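Readers should treat all values here as calculations from the given coordinates under stated rules, not as data from a laboratory. Remember, predicted model here, so these are calculated numbers, not experimental data. Here the Cβ positions follow ideal geometry from the backbone for every residue, glycine too, while neighbour counts run over all protein chains shown.
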Amino acid sequence: MRFLATAALGAVLATSGAQAAVIDFEGFNAGDILSGLGGLSVDGVGYSITVDSNGSNDIAMVFDTDNPTGGDSDLAAPFTNPATGAQLSPGNVLIISEDGDTSDPDDERAGGKITFAFDSAVNLLGFDALDDVTLTVTDSAGGTVTVSVAKDNQFASVTTSFFNISSVQFDFGNQSGAIDNLSISAVPLPASALLLFAGLGGLGVMSRRRKSA
């Protein structure tokens, strides 16, 4: 079973008047390829997705955790909280495809990077990540912040405060992983002078099994 635990990271918090929107993947089907796809947007904010894989395919693909394929039992929902018995089923998440087979989504065990680039500046307020991930955020002036935000073999819900960003990269290193539920808000024009400000808030963690080699 995959278990939920709780942890906390120090938070540097700030407020934003803009309403948050969530980039999730429930509007897509398992096997849909999102990297290189034009016209992606949420609440009027356009974005694109690129992949730099450590394998042979630079493809971001939708994976259904409720119906795992490709032998990926490590991505199978639900995740269980041992203290309360509560269960979480993330539904569709975004992975790096190992072989590009849209009929049988399979995550890239060699890892790689998924990057979201935004057409206009946004604030990143949170996201969900499966497995170790290093987050690199770039602001509209080119400044960057890089932090590690999850633990090996765990599914984490992370609250962040990254402001006025132009892109965010999720680096899984040399192992598989998944991303879901990016919470963003558009940057109001009067706030355009506010550059990158970073913080990590409460972190909920659910462990999962390692994918066999």
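Across segment 49-129, Cα-Cα pairs farther apart than 15 Å form 63% of the total.
Given the Cα-Cα distance of Asp99 and Asn174 and 0.36 nm per residue of separation, how much length would full extension add, in nm?
Difference between extended and current length: 25.4 nm.
Can you compute the equivalent ellipsoid semi-axes for segment 86-171, i.e. the square root of 5 times each eigenvalue of the Cα gyration tensor, sorted largest first and rounded to whole Å?
Numbers: eigenvalues 116, 53, 31 Å².
Sorted largest first and rounded, they come to 24, 16, 13 Å.
Ala20 to Leu40: FRET efficiency via 1/(1 + (r/R0)^6), r the Cβ-Cβ distance, R0 22 Å, to the nearest 0.05? E between Ala20 and Leu40, to the nearest 0.05, is 0.80.
Would you work out the relative contact order for segment 17-132, in percent, from Cα pairs under 8 angstrom that are 6 or more residues apart? Walk me through the numbers on the way to the answer.
Numbers: 213 pairs, mean separation 34.9, N = 116.
Contact order relative to length: 30 percent.
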